[in-house]
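Beneath this line is the structure, given in structure tokens, with notes to follow.
The values are calculated or read from the model by the stated rules, or taken from the named source; none is laboratory data. Note that the coordinates shown come from a computational prediction; the quantities given were computed from them, not determined experimentally. Heads up, the Cβs are rebuilt from the backbone with ideal geometry, glycines too, and the neighbour counts pull from every protein chain shown.
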Amino acid sequence: MLLEILGVVAPIFIIVSIGYVWARRKLPFDNETVGSVVLRVGIPCLIFSTMTGADVTPREVGWIVAAAICVIAISTLIGVVVLKLAHQPLNTYLISAMHGNSGNMGLPLAIMVFGQAGEPVAVAYFLVVALSQHVLGLMVTAGRFDARSLARQPIIHAAIVTIVVLSVGVDVPQWLTRTTDLLGGIVIPMMLLLLGVSLSQLKIGDLKIALGMSAMRFGAGATGALATIWIFGLTGVEAGVVWVMATMPAAVVHFLLAERYGRSPERVAGVIVVSTVLTLAGLPVIVWLAWQIAGI
């Protein structure tokens, strides 16, 4: 069992470490360009190729989407209660309770843990979180809703096209399938490299706050995942993927939003660093629990 867990978590540690060391040695790495390529090209292609190439029906995808929404709703409720009791600002920290790092960390981990069977489930879950971050997350942090910014997101366009193709039952040409497969293949390694680079650049603003908010992130996500699995009666890979995706640390995008709207970015950076380090340290346990929940 230990060797199997190591086989899953070791590639994540190695690739994240490469990104971290690369940045610490000040070797050239354009975060903005790499991130833009992943966001605007890689992720849309991954969504399209995975969902249209997988043996899943729109109904099955709908259940995963509903489960992801349920996890976010429960996590948000827990976050509001905890932050109110702790007298901490919702605009700064609530988004960390709402969403885990389902992109840079959750998606690669879920696919490594459950293989090809878990990929469409993880991608569908990630799509919901990404949309929620750009709608609810932005509203919470900014205090307003920016419809124009949402409409410009490539992930929205990819989701619409994918839903149409799945609903109509269009046969995707082989050349398009191969193209999107290749471009989608850059997402996992590049996201992990970006995570490592980002960790090297973030500083811990307040350790006590960072530890508390990290505990809130994991607690809210784990509770939301277990409650959702029970409510929806999820089993197998679906249940395991929901657990993995929901228990991920705070996402780097939270820092970008905090910096953009002046919501104590240095403290948010601390939450991201501490929660990510603690999650990396606890990955063997998270993976083992994912297999237990999935019945593997």
Check your understanding: Do you know which residues across segment 60-73 are aliphatic (A, V, I, L, M) and at pLDDT below 85?
Key -> Val61
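If we scan segment 7-16, do we find a residue that is closer than 29 Å to Ser200 by Cβ, outside any helix (DSSP H, G or I) and without any contact (Cβ under 8 Å) to a residue 60 or more places away in the chain?
No: zero hits.
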Point to revise | Residues being small (Gly, Ala, Ser), within 21 Å of the chain's Cα centre (by Cα) and surrounded by fewer than 20 Cβ atoms within 10 Å (Cβ to Cβ) - total across segment 192-211 | key: 1
Exercise for review: For segment 118-148, enumerate the residues that are over 10 Å from the mean Cα position of the chain (by Cα), part of a helix (DSSP H, G or I), farther than 21 Å from Ser214 by Cα and not charged (D, E, K, R).
Suggested key: Gly118, Pro120, Val121, Ala124, Leu131, His134, Val135, Met139, Ala142, Ala147
Check your understanding: Filtering segment 21-35 down to residues that are modelled with pLDDT of 80 or more and in a helix (DSSP H, G or I), which residue is surrounded by the fewest Cβ atoms within 10 Å (Cβ to Cβ)?
Key -> Thr33
Point to revise | Inter-residue pairs, beta-carbon under 7 Å, first under 12 Å from Gly196 (Cβ atoms) and in segment 22-36, second assigned to a helix (DSSP H, G or I) and hydroxyl-bearing (Ser, Thr, Tyr), 6+ apart | key: Ala23/Ser200; Arg24/Ser200
Exercise for review: Return the total of residues in segment 172-184 being in contact (Cβ under 8 Å) with a residue 60 or more places away in the chain and not aliphatic (A, V, I, L, M).
Suggested key: 5
Check your understanding: When both residues are 6+ apart or on different chains and their Cβ atoms are under 9 Å apart, which pairs have a first residue that lies in segment 187-214 and is under 12 Å from Trp22 (Cα atoms), and a second that is at pLDDT 80 or above and charged (D, E, K, R)?
Key -> Ser200/Arg24
Check your understanding: With respect to Glu60, is the statement that it is out of contact with any helix residue (DSSP H, G or I) (no Cβ under 8 Å at 6 or more places or on another chain), assigned to a helix (DSSP H, G or I) and surrounded by 13 or more Cβ atoms within 10 Å (Cβ to Cβ) true?
Key -> yes
Review point. Would you pick out the residues in segment 97-117 that are in a helix (DSSP H, G or I) and either β-branched (Val, Ile, Thr) or touching a Gly at 6+ places or on another chain (Cβ under 7 Å) (or both)?
Key: Ala97, Met98, Gly106, Ala110, Ile111, Val113, Phe114
Practice item. Please identify the pairs in which a residue from segment 241-270 that is modelled with pLDDT under 80 and buried (at least 24 other Cβ atoms within 10 Å of the Cβ) has its Cβ atom under 6 Å from the Cβ atom of a residue that is among the hydroxyl-bearing types (Ser, Thr, Tyr) and not in a helix (DSSP H, G or I), counting only partners at least 6 apart or on another chain. Key: none
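Working only within segment 1-31, note down all residues that are among the charged types (D, E, K, R) and within 22 Å of the chain's Cα centre (by Cα).
Asp30
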Check your understanding: So which of Thr92, Thr57, Thr76 ends up being modelled with pLDDT under 80 and among the hydroxyl-bearing types (Ser, Thr, Tyr)?
Key -> Thr57
